[in-house]
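What follows is a short report on a single structure.
The values are calculated or read from the model by the stated rules, or taken from the named source; none is laboratory data. Worth saying up front: this structure is predicted, and the values here are computed from it rather than measured. Glycine also receives a Cβ, built like all others from the backbone with ideal geometry; neighbour counts cover every protein chain displayed. Note: accessible area is taken over every heavy atom of the protein model, side chains too, but ligands, DNA and RNA are not part of it. Shrake-Rupley method; radii C 1.70, N 1.55, O 1.52, S 1.80 Å.
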Amino acid sequence: MGSLRAVSDDVRVGCAVDPASLRTDTDYRRTVASEFDAITAENAMKWGRLAADEGAYDFADADDVARFAERHDMYVRGHTLVWHRMYPEWLRPWTRSEAETERLLRDHVQTVAGRYRGCVDAWDVVNEAVADDGGLRETQWLNALGPEYIDRAFEYAAGVSDADLFYNDYGADGLSEKSDEVYDLVADLVAREVPIDGVGLQLHVFEETVPPADVAANVERLTELGLDVHITELDVGIGAAVPDEEAQADYYREVVGAATDAGVDTVVTWGVDDGQSWLPERGFGEAPLLFDESFERKPAYRAVREALGE
Ligand code: 9MR
């Protein structure tokens, strides 16, 4: 059996990676290089990782991911420019003036999106700005700058980057109140000609599965706005929603099939192997990825190949 990346000419399959594992773990590195044709830094391009110290960026880890991607001819999803989590401690306590906060946002977006111009193909410009109970999430950015912080982030990114610019969120994968909120948000950005190109549906699946038909319907309505849709952080924890590896494989097959039939051309799993995943340590289910902790291909791996037409 050949590699996953060779299965479909129309759909890229990616993974989120940790640069330290890429450097030190041969099995990890070999799996990423041979199986995937898209890549995201799980954490290395987040503000808190890039600029732990005020006034000084450290791009070493992020550059490693970028170089790896280039060497292996991979599509790069940059993650993420503006978020309410994993920002540097020195940004606290958020008592700066509006003008100063805006300058910090602009400088960060321009610095990072500018550095990876020509390398990052798609940026998650704004991540998780919609609250779980509706409306915009109360973040430091919203408090300091109002809802326009979203417009500004996209505009600053568009000024320096040739990447496709995405809004990315969780819990907005199928049809739900939150996915309606995300739809309304991005429809408004499109209507006001804010430079947005796409929407990332994270698709973290644990307590309950999202009906694949609902994912397809959501993809279709977003596509009708003229936006691209990517599945950006796919993982399926074994637990309440999917009891075992076979059920997990069935769900992967159905949801990847439904999303790609509806027009999704990029599907990224949130990690490589079950030994390194954020889900189990949060108690959100077990063994959520395509490779087990020995990097053996799981039933879910074969299911994704089938979903892509094999
Ligand atoms: O998987 C990531 C984990 O290692 C980090 O500790 C965490 C905080 O930065 O972020 C996790 O990734 C999140 C992603 O950036 C945005 N969507 C939800 C992901 C899982 O929490």
Quiz prompt | Length-normalised contact order for the range 172-224 - Cα pairs under 8 Å, 6+ apart - percent | solution = 55 percent
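Using square roots of five times the C-alpha gyration tensor eigenvalues, list the equivalent-ellipsoid semi-axes of the range 152-310 in whole Å, biggest first. All intermediate terms of the calculation are to be shown ahead of the outcome.
Working: eigenvalues 166, 51, 43 Å².
So the three semi-axes of the range 152-310 are 29, 16, 15 Å.
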Exercise. With a probe of 1.4 Å, find how much accessible area the range 157-309 has per residue, and write the answer as a whole number in Å².
Key: 38 Å²
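Sequence gap at least 6, Cα distance under 8 Å: using those rules, report the relative contact order of the range 233-303 to the nearest whole percent. Don't jump to the answer; show the numbers that get you there.
On the way: 104 pairs, mean separation 28.9, N = 71.
Normalised by residue count, the contact order of the range 233-303 is 41 percent.
How large is Rg over Rh for the chain, taking Rg from the Cα atoms and Rh as the Kirkwood inverse mean of 1/r across Cα pairs?
Values: Rg = 18.5 Å, Rh = 19.5 Å.
The Rg/Rh ratio comes out at 0.95.
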Quiz item: Looking only at 164, 107, 173, which one moves most when the chain is put into a Gaussian network model with springs between Cα atoms under 10 Å?
Solution: 107
Quiz item: Quick one: ranking 274, 10, 265 by accessible area, 1.4 Å probe, largest first, what do you get?
Solution: 10, 265, 274
Quiz item: Taking a 1.4 Å probe, which of 284, 68 shows the most accessible area, and what order do the others take after it?
Solution: 284, 68
Quiz item: Using the membrane-span-like helix rule (whole DSSP H runs, Cα extent along the own axis of at least 20 Å, mean Kyte-Doolittle hydropathy at least -0.5), which helices of the chain qualify?
Solution: 177-191
Quiz prompt | Amide H within-cut-off set for residue 41, under 5 Å, with H built and near neighbours excluded | solution = 17, 79
Quiz item: Carbon and sulfur atoms: what percent of the 1.4 Å accessible area of the range 114-264 do they account for?
Solution: 44 percent
Quiz prompt | GluC sites (Glu not before Pro) lying in DSSP loop within the range 161-248, provided at most 15 other Cβ fall within 10 Å | solution = 193, 207, 208
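Over its Cα atoms, what ratio of radius of gyration to 2.2 N^0.38 Å does the range 2-123 give? Don't jump to the answer; show the numbers that get you there.
Details: Rg = 16.1 Å, N = 122, 2.2 N^0.38 = 13.7 Å.
Relative to the 2.2 N^0.38 Å estimate, the range 2-123 comes out at 1.18.
Over the range 1-108, with every protein chain in place, what whole percent of the accessible area is carbon and sulfur at 1.4 Å, could you tell me? Spell out each step's value before the answer.
Details: 2110 of 5010 Å².
The nonpolar share, carbon plus sulfur, comes to 42 percent.
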Quiz prompt | Computed [θ] at 222 nm, deg cm²/dmol, the chain (DSSP H ≥ 4; -39,500 (n - 2.57); rounded to nearest 500) | solution = -12500 deg cm²/dmol
